[in-house]
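Below is one structure, written out as structure tokens; comments come after it.
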Amino acid sequence: MKTVNHWIGGKTVEGASGNWGPVTDPATGAVTTQVALASAEEVGAAVSAAKEAFATWGTASLSQRTAILFRYRALLDAHRDDIAALITAEHGKVHSDALGEVARGLEIVELACGITTQLKGELSTQVSNRVDVAAIRQPLGVVAGITPFNFPAMVPMWMFPLAIACGNTFVLKPSEKDPSAAMLLAELAAEAGLPDGVLNVVHGDKVAVDALLEHPDVSAVSFVGSTPIARYIHTTASANGKRVQALGGAKNHMLVLPDADLDAAADAAVSAAYGSAGERCMAISAVVAVSSVADELVDKIRERAEKIKIGPGNDPTSEMGPLITKAHRDKVASYVEGAAAQGAEVVLDGTGYSVDGFEDGHWIGLSLLDKVSMDSDAYRDEIFGPVLCVLRAETYEDGVELINASPYGNGTAIFTRDGGAARRFQLEIQAGMVGVNVPIPVPVGYHSFGGWKDSLFGDHHIYGNDGVHFYTRGKVVTTRWPDPSEAPVGVDLGFPRNH
């Protein structure tokens, strides 16, 4: 059986806690790997390695940092298929989807390669007689990232490339459910020339998480996961004096107006709801159909959903793979099984799905629930599986009110041909990311990703300008260089004058 250990100080370090976690192949249900679960002492060793590395990395030149990052980008590009294969083997998503994940992670590496322009400061000359003021940004020190199972390569790459480009050193705690991709990312960084200790990877459960949140040498924590855990991360890390960005859960809505292209809307709904088996924080999980379009839209979604081919992620003909664990599969199925009793019309029920030859895999088919009420479990909870709810609204205003009543504010979309309605929507809707005829409005790397309300705890979104600001802190320097020909001005106890 394969064993995944830690990466500390530029090398593999065997787990010493005696605790191990199972990693399964979602397509077969078989345990293929054991992963070391770190103790607080092992987390401390990773933080110590990062702290030691910061002494030199934090003052390394921008050209040195970016040269390494350019080499790293080339290695990641060359190993796209290898990274994607590890994702498919442990997460279950189809290979093409895994490749897409790697590509979106590479966007942030490319952003980090251009960090020289992002870290330029500001200078005001002659603010007073021979006085200049400069604003600069400096790294924080040791920072940590705690990342989810659904994007085992992309989300870590949303964090550590930008953090280390800014001069920080990094401790990554990836999901213990699919840890291998993170290890390959670290190994390739070392191959690119990243100094030992700048990037460390420790695996673990709550013990490792709490050790990072409480360690006095960790200056900041980035997190992506569910809302309850994001709230806990934010509260605990903040109480320990750390800067925190904690991205939580979502219930992303798609508002479809009567004038929309219903074929395009149905295509988008199926793609956004069922891609990666619905295990995306930006998945569309609720379609709000306005007025008379609901019946026709539901029919079009059903027709498309019935044609999706489900199978092992390494089968090129598969369009959707299994869920990551059996427990998660059973939890997702429970929402569908209880939907009718809570008033929903079950248009498609995927709970009985299986794949010939892979009967022990974590399979579930596509489910479509119509006429869902706002107080039902299937609507209120983040299901994180291939279940799409359809709600009905009489007017645009009713639809916006419905969406804004959700405690989540991650992403949302509107489908319409009416530019005026679209403009109103982007201003009135309470969400951090908005799509107009775009179902999954994930920003490109040079804009920042993040939601509102219970979808984000902390003041900074992830990557983009917000990411640079999160991983640096500002300093203002005021200088006076008297002209050699001037006599000393003498003592002046008055308030400093700037004019």
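The values are calculated or read from the model by the stated rules, or taken from the named source; none is laboratory data. Bear in mind that the values here come from a model prediction, so they are computed numbers and not experimental data. Glycine also receives a Cβ, built like all others from the backbone with ideal geometry; neighbour counts cover every protein chain displayed. These accessible areas exclude ligands, DNA and RNA; they are computed on the full protein's heavy atoms, side chains included. Shrake-Rupley method; radii C 1.70, N 1.55, O 1.52, S 1.80 Å.
Quick one: accessible area per residue over the chain, 1.4 Å probe, rounded to a whole number of Å²? All intermediate terms of the calculation are to be shown ahead of the outcome.
On the way: 20560 Å² over 499 residues.
Solvent-accessible surface per residue comes out at 41 Å².
Using a cut-off of 18 Å between alpha-carbon atoms, which lysines can reach Lys371, once sequence neighbours fewer than 8 places away in the same chain are excluded?
In chain and number order, the partners are Lys251, Lys300.
Taking all protein chains in place and a 1.4 Å probe, what share, in percent, of the accessible surface of the stretch 356-470 do carbon and sulfur account for?
On the way: 2250 of 4760 Å².
Taking all protein chains in place, the stretch 356-470 shows 47 percent carbon and sulfur surface.
What is the Cα centroid distance between the stretch 213-227 and the stretch 1-71, reported in whole angstrom?
About 16 Å separates the Cα centre of the stretch 213-227 from the one of the stretch 1-71.
Could you grab the Rg to Rh ratio for the stretch 47-191? Cα atoms only, Kirkwood for Rh.
Rounded to two decimals, Rg/Rh equals 1.08.
Using only the alpha carbons of the stretch 351-401, determine the length spanned along each of the three principal axes and report them from longest to shortest in whole angstroms.
Extents along the principal axes, in whole Å: 49, 17, 13.
Using just the Cα positions, wrap the stretch 344-499 in a convex hull and report its mean projected area in square nanometres, one decimal place.
Answer in nm², one decimal: 19.7.
If you take every DSSP beta bridge fully contained in the chain, what fraction is antiparallel? Give it as a percent rounded to 5.
40
Sort largest first and round to whole Å: the equivalent ellipsoid semi-axes of the stretch 143-240, each the square root of five times a Cα gyration tensor eigenvalue.
Whole-Å semi-axes of the equivalent ellipsoid: 21, 16, 11.
Counting only other residues whose beta carbon sits under 14 Å from that of Ala340, what net charge do I get with K and R as +1, D and E as -1?
-4
Using only the Cα atoms, what convex hull volume per residue in Å³ does the stretch 205-320 have?
144
List the lysines whose Cα sits under 22 Å from the Cα of Lys307, skipping any in the same chain fewer than 8 residues away.
Qualifying lysines at Cα under 22 Å: Lys93.
Based on Cα positions only, what radius of gyration and what Dmax would you give for the stretch 207-265, in angstroms?
Considering the stretch 207-265 through its Cα atoms, Rg and Dmax are 18.2, 56 Å.
Based on the Kirkwood radius over alpha-carbon pairs, what is the Stokes-Einstein translational diffusion coefficient of the chain at 10 °C with 1.306 mPa s viscosity, in µm²/s?
Value of D from the Cα-based Kirkwood radius: 66 µm²/s.
Which number do you get for Rg(Cα) / (2.2 N^0.38 Å) in the stretch 289-378? Mind showing how you got there, number by number?
Working: Rg = 14.5 Å, N = 90, 2.2 N^0.38 = 12.2 Å.
Cα Rg divided by the expected 2.2 N^0.38 Å: 1.19.
Provide, for q = 0.20, 0.21 Å⁻¹, the log10 of I(q)/I(0) from a solvent-free Debye sum over equal Cα point scatterers in the stretch 168-221.
Here log10 of I(q) over I(0) equals -0.77, -0.83.
Could you work out how far helix 154-165 tilts from the main Cα principal axis of the chain, as a 0 to 90 degree angle to the nearest 10?
10
Please state the relative contact order of the stretch 277-333 as a whole percent: Cα pairs under 8 Å, 6+ residues apart?
26
Place the peptides 43-51, 135-143 in order of packing, highest mean first, counting for every residue the other Cβ atoms within 10 Å and averaging per peptide.
43-51, 135-143
Placing +1 at every Lys and Arg Cβ and -1 at every Asp and Glu Cβ, with all other atoms neutral, what dipole size does the chain have around its Cα centre, in debye to the nearest 20? Can you show the working numbers first?
Working: 39 positive and 60 negative charges, 338 e Å.
Using Cβ point charges on Lys, Arg, Asp and Glu, the chain gives about 1620 debye.
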